[in-house]
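We did not get these values from a lab; they are worked out from the coordinates using the rules stated. Computed from a predicted model, the values in this text were never measured in an experiment. Every residue, glycine as well, gets a Cβ built from its backbone with ideal geometry; the counts of neighbours run over all protein chains shown.
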């Protein structure tokens, strides 16, 4: 798991290993706001296979930043 704060949003990039193919995949969650006004989003990211966990998580963070930039 990798995370970062970007433009007042928390991006969490979670990777998982596909045991059949031995490639990594990523899921991205973004939290915005705080308290009762907090909103969470799970992004639909391209299911690109990655050879390493770090590559998958870096891609997830990049996709999260791009999504936030489009929303603002």
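In a fully extended conformation the segment linking residue 58 and residue 20 would gain 11.4 nm over its present Cα-Cα distance, using 0.36 nm per residue.
For segment 2-71, averaging the sequence separation of C-alpha pairs within contact (under 8 Å, six or more residues apart) and dividing by the residue count gives a relative contact order of 33 percent.
Using only Cα atoms, tell me the angle between helix 53-71 and the longest principal axis of the chain; keep it within 0 to 90° and round to the nearest 10. Roughly 30 degrees, rounded to the nearest 10.
Between residue 39 and residue 1, the modelled label-to-label distance comes to 2.3 nm, taking each label 7 Å out from Cα in the direction of the beta carbon. When you work out D = kT/(6 pi eta Rh) for the chain at 10 °C and 1.306 mPa s, using the Kirkwood radius from C-alpha pairs as Rh and the Stokes-Einstein form, the result is 127 µm²/s.
The calculated 222 nm mean residue ellipticity attributable to helices in the chain amounts to -9000 deg cm²/dmol, summing -39500 (n - 2.57) over DSSP H runs of n ≥ 4 and dividing by all residues.
Highest average first, the peptides 49-56, 30-37 ordered by how many other beta carbon atoms sit within 10 Å of their residues are 49-56, 30-37. Full extension of the segment from residue 8 to residue 31, taken as 0.36 nm per residue of separation minus the current Cα-Cα distance, would add 7.4 nm.
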